[in-house]
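Here the structure is laid out as structure tokens; the discussion comes afterwards.
The values are calculated or read from the model by the stated rules, or taken from the named source; none is laboratory data. This one's a predicted model, so the numbers in the text were calculated from it and none came from an experiment. Please note: Cβ atoms are built from the backbone with ideal geometry, for glycine as well, and neighbour counts cover all protein chains shown.
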Amino acid sequence: MRIGSGFDAHRFGEEKAGHQIMLGGVAVPWHRTVLAHSDGDVLLHALCDAVLGAMALGDIGKHFPDTDPEYAGADSRQLLRACVAKIRQLGMYVVNVDMTLIAERPKVALYVQAMTETIASDLDIAADRVSVKATTTEKMGFIGREEGLAAQAVVLLAERSPAKVEP
């Protein structure tokens, strides 16, 4: 078994009425943009880092550099699926994930179930193996001042058994 952890943070950009940001693969209404090379999904970026880190494969920037125009505006769900494909090639699968969004706003309680199901689908595991939570920093720091948001993720990987097909 292997354990990996990941962290990501992004600043908020300009105000944009009727805008949505991507969190956990789900479009969440928010009046600010997220400054990022890709779609800026902090939850999925932290999860990618956790998956890659569990196998000592580096981080998301190594595999999908923000200096490469190919990844400008990239869908983070595609990046996550690519990370999962990398570990599968090494004979591993995701057992479970635990993720925390750190943000004062937007409030995401109404979107957590959709995030859970989306992430489970991309990892090809049951939704009860995916935990998505949210917390604030009690108005402290850049997150507390609503200048941005962050996420952390922990993942457990296991080796596929040749005699048994795992999830």
Discussion item. Name the single residue that is surrounded by the most Cβ atoms within 10 Å (Cβ to Cβ) among those in region 151-167 being at pLDDT 95 or above and farther than 16 Å from CYS83 by Cα.
Written reply: ALA151
Discussion item. If ILE21 satisfies all but one of (1) at pLDDT 95 or above; (2) more than 23 Å from GLU117 (Cβ to Cβ); (3) aliphatic (A, V, I, L, M), what's the number of the condition it fails?
Written reply: (2)
Discussion item. So, restricting to strands (runs of 3 or more DSSP E) that lie completely within region 1-115, which ones have at least 3 residues that are buried (at least 16 other Cβ atoms within 10 Å of the Cβ)?
Written reply: 2-15, 20-23, 32-34, 92-102
